[in-house]
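Only one structure is covered here, and it is reproduced in the block below.
The values are calculated or read from the model by the stated rules, or taken from the named source; none is laboratory data. Keep in mind that what you see is a predicted model, and the values were worked out from it rather than measured. Please note: Cβ atoms are built from the backbone with ideal geometry, for glycine as well, and neighbour counts cover all protein chains shown.
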């Protein structure tokens, strides 16, 4: 089993990778320190996040697809470098160097062609078009394409799109992967991998800022004007069943997959273990993710603990607000609809939640909700731009360390969820 050779503060050089909690490792968390105690208050989140990592990078029971370890670590290193997290990239590059020295050398060349800032991209034609932002579409040279091969070349394009402009999702992107030899199971693994890293890297970034900025006294400037400009004014768009929504809404939506979900009658005990709740077998989204059941199972348990754990920390309404804010910023209309409804239900502030959907993440709500939205959005930027000012604003609004950590995890998780929902299908009115 590969050993990690570089030395990090508080971590013993040469630790075997199968013994490493990767978030602890990358965030420099050591037994007994402040962050260690903080993470131990959410042991299920901690353990299931690591199980998600293990299921993606060292699967105990490979599924029928063909995603190799080298492909997984090459994509992971590429994604980490796009997020400007060098230590995370080194983690995967060390492993990739053993698996494929040729790809090891090619990853940095690919990153050099793709570094930018996100999210950007286009919304469906309609009122949200005013928020469209142009941005980089990855272009790799023919020489680099030859080195990477068609599969990894296509995977890097998919990863770059998911990292920076997931709102530009379209079925043609899935078809491009299929043309390069990616099977449906492979595509689910690839999207899970990039989406999971979008969570893991943000948890690391958020925890680092939290520990560095918690005790600092920082003046927090006002960030809101008295009135926000709505972008969805005008006649209400069509909400006919089967129509694609073109605005953010609290209506219940359905989701149409661009790949064939598993047939409910074909689900095995392993698939049901991945679904966690048997009722999820009715959902095409979860039956599609069940193509990689071990990752799905760990992901679902991570989700449940982040949002449903009632022990202290951030109130459920504000965890849902963080999820809705991240989804609004990234452009996931489906995720925003679900978690805006939850935020409305638990807060009894439906009109304020709707204003977030209508007016965007700069909406002026109240000081506490503004601080939560701002921190969630800053963490959702690529690369993340959460800083000590955001932490100070949260403290000024009465959040303790556990509540701030819950916010980090809730916002980070929806950078995972958004990228799955957007890359594998599209919403429709029910």
Total residues in region 285-311, condition part of a loop (DSSP other than H, G, I, E, B) and in contact with a strand residue (DSSP E or B) (Cβ under 7 Å, 6 or more places away or on another chain) = 0
Okay, helices (runs of 4 or more DSSP H) sitting entirely in region 312-394 with 2 or more residues that are under 22 Å from residue 200 (Cα atoms), I get 316-330, 333-347, 367-380
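State yes or no: is residue 90 modelled with pLDDT of 95 or more, over 23 Å from residue 177 (Cα atoms) and in contact with a strand residue (DSSP E or B) (Cβ under 7 Å, 6 or more places away or on another chain)?
Taking the combined requirement at face value, the residue does not satisfy it.
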Restricted to region 73-103, and to residues that are without any contact (Cβ under 8 Å) to a residue 24 or more places away in the chain and over 21 Å from residue 208 (Cβ atoms), which residue is nearest to the chain's Cα centre (by Cα)?
-> 97
Please indicate, with yes or no, whether at least one residue in region 185-195 is at pLDDT 95 or above, in contact with a strand residue (DSSP E or B) (Cβ under 6 Å, 6 or more places away or on another chain) and buried (at least 22 other Cβ atoms within 10 Å of the Cβ).
-> no
Could we say that residue 135 is surrounded by fewer than 16 Cβ atoms within 10 Å (Cβ to Cβ) and farther than 30 Å from residue 287 by Cα here?
-> yes
